[in-house]
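Engineer: Mind having a look at this structure? Questions to follow.
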Ligand code: AMP
Ligand code: GLY
């Protein structure tokens, strides 16, 4: 079969790389892909992820099974469109994607089904929201969330009431996220360990992927603004067997069952961003797709053929699938970003050392995101986005993987390159001290 991967990030590059290893996959195409997917010899289709009709035409022409990377096409109903045209596609319907595309809907859904999450209230008017903040006894403990999709930037964790007022004004009055900020959720701030938990589901059954941990802040020691994610590792030692079971039972299965009971089908990847507090976990957010950069550490550890699970999800037969087999080694990913990211950043900087990276042993992998191959036959690659490359290393343990990944990074350079130096360090401390 041919597989079409929709998206242009390192997550999508990793998905394509993984499915290309299946003996059942003839060809992998990307829409639109990036410099790395082009260099690796896959076919990049020149089409925007917003142009669903064109994507449908391409998938039909090439006879593709489609896997959707980012949330936007899912929230805009690409799965409904492809299915109604008889195409095979993995991802939730537009209705199910509300779990990610509307924080208000997701909070109400969690309340309806008894899924643990922070206390919250919804506001349509800025004055009412500010009044609530003024009356709140939880000074320094409020999180302001825009209802709609805001490219991962629609959440402000506030340290004071003043910060919370300012966040409400930014979202509701200044409309910095457009209509996404017409409504806001004000949420109790939780303190604990934040983890990512991702499952595959066919709408009824669920299979957990390996656990992982993102690093959301831009700078070392979790400083600076929130980003899409600056690094990750897998497995996550903070989720022990007991907690794993608790999360599967009280969160993931409840979510899938709740959707089904409401007549909403969820096929695809369900991602819960969780806060571990004592011996419980609370949902901070649901995403209806794989995480980026979590995917870059999860899929290289998967020994099984991903495409088999994709097909089981589409067919509703995930209960017939064999257990997934995982590599015991630890994977660490460091995201290399452009100067300025996550705010305004530079583009067009020539990247050097990619050939050295590619020539390293099999334990080091490079997945591209914001890169472009220059159109002058030189084969040179330039930066073309905020997050540029994901460098991944597999090691015998956490410290081995960390050492390998940072050694590999030393060989790549562009002007203004920025990355965190402390990916995995907290896990290392946790492993040493418990
Ligand atoms: P979200 O998009 O809802 O996951 O929020 C983005 C980030 O804000 C999360 O990854 C957390 O770091 C933080 N966050 C969200 N909700 C809360 C909360 N209730 N308490 C503490 N931090 C939160
Ligand atoms: N790494 C966080 C996300 O994919 O939403």
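The values are calculated or read from the model by the stated rules, or taken from the named source; none is laboratory data. All values derive from a computational prediction rather than experimental measurement. Note that we place each Cβ from the backbone using ideal geometry, even for glycine, and neighbour counts take in every protein chain shown.
Engineer: Yes or no: segment 28-43 includes at least one residue that is touching a residue at least 60 places away in the same chain (Cβ under 8 Å), touching a strand residue (DSSP E or B) at 6+ places or on another chain (Cβ under 8 Å), under 30 Å from residue 143 (Cβ atoms) and part of a loop (DSSP other than H, G, I, E, B).
Structural biologist: No, segment 28-43 contains no residue that is touching a residue at least 60 places away in the same chain (Cβ under 8 Å), touching a strand residue (DSSP E or B) at 6+ places or on another chain (Cβ under 8 Å), under 30 Å from residue 143 (Cβ atoms) and part of a loop (DSSP other than H, G, I, E, B).
Engineer: Right, something else. Please work out which residue is nearest to ligand 1 (Cβ to nearest atom), limiting yourself to segment 144-182 and to residues that are outside any helix (DSSP H, G or I) and more than 25 Å from residue 341 (Cβ to Cβ).
Structural biologist: Within segment 144-182, the first condition is being outside any helix (DSSP H, G or I), and the residues that meet it are 144-160, 174-177, 182.
Subset that is more than 25 Å from residue 341 (Cβ to Cβ): 147, 160, 182.
Numbers: 147: 11, 160: 15, 182: 17 Å.
Among them, the one singled out is 147.
Engineer: For segment 195-267, please list each of the strands (runs of 3 or more DSSP E) lying entirely inside it that holds at least 2 residues being within 15 Å of ligand 2 (Cβ to nearest atom) and in contact with a helix residue (DSSP H, G or I) (Cβ under 6 Å, 6 or more places away or on another chain).
Structural biologist: On the way: elements: 206-208, 217-219, 223-226, 231-234.
Counting at least 2 such residues, we get 231-234.
Engineer: Can you tell me which residue within segment 105-129, out of those that are surrounded by fewer than 19 Cβ atoms within 10 Å (Cβ to Cβ) and in a helix (DSSP H, G or I), is farthest from ligand 1 (Cβ to nearest atom)?
Structural biologist: Only one residue tops the list, namely 127.
Engineer: Which members of segment 419-433 meet the condition of being out of contact with any helix residue (DSSP H, G or I) (no Cβ under 8 Å at 6 or more places or on another chain) and either at pLDDT 95 or above or surrounded by fewer than 16 Cβ atoms within 10 Å (Cβ to Cβ) (or both)? Please lay out each step first, then the result.
Structural biologist: Taking segment 419-433 first, the residues out of contact with any helix residue (DSSP H, G or I) (no Cβ under 8 Å at 6 or more places or on another chain) are 426, 429-430, 432-433.
Selection gives 429, 430, 432, 433.
Engineer: What single numbered condition from (1) under 21 Å from residue 216 (Cα atoms); (2) in a helix (DSSP H, G or I) fails to hold for residue 356?
Structural biologist: (1)
To keep it simple, each residue is scored yes or no on (1) surrounded by 14 or more Cβ atoms within 10 Å (Cβ to Cβ); (2) in contact with a helix residue (DSSP H, G or I) (Cβ under 9 Å, 6 or more places away or on another chain); (3) outside any loop (DSSP other than H, G, I, E, B).
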residue: 296; (1), (2), (3): yes, yes, yes
residue: 300; (1), (2), (3): yes, yes, yes
residue: 311; (1), (2), (3): yes, no, yes
residue: 314; (1), (2), (3): yes, no, yes
residue: 323; (1), (2), (3): no, no, no
residue: 348; (1), (2), (3): no, no, no
residue: 382; (1), (2), (3): yes, yes, yes
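Engineer: Please state which of the following conditions residue 185 fails to meet, knowing it meets all the rest: (1) assigned to a strand (DSSP E or B); (2) within 23 Å of residue 72 (Cα to Cα); (3) within 16 Å of ligand 2 (Cβ to nearest atom).
Structural biologist: The one condition residue 185 does not meet is (3).
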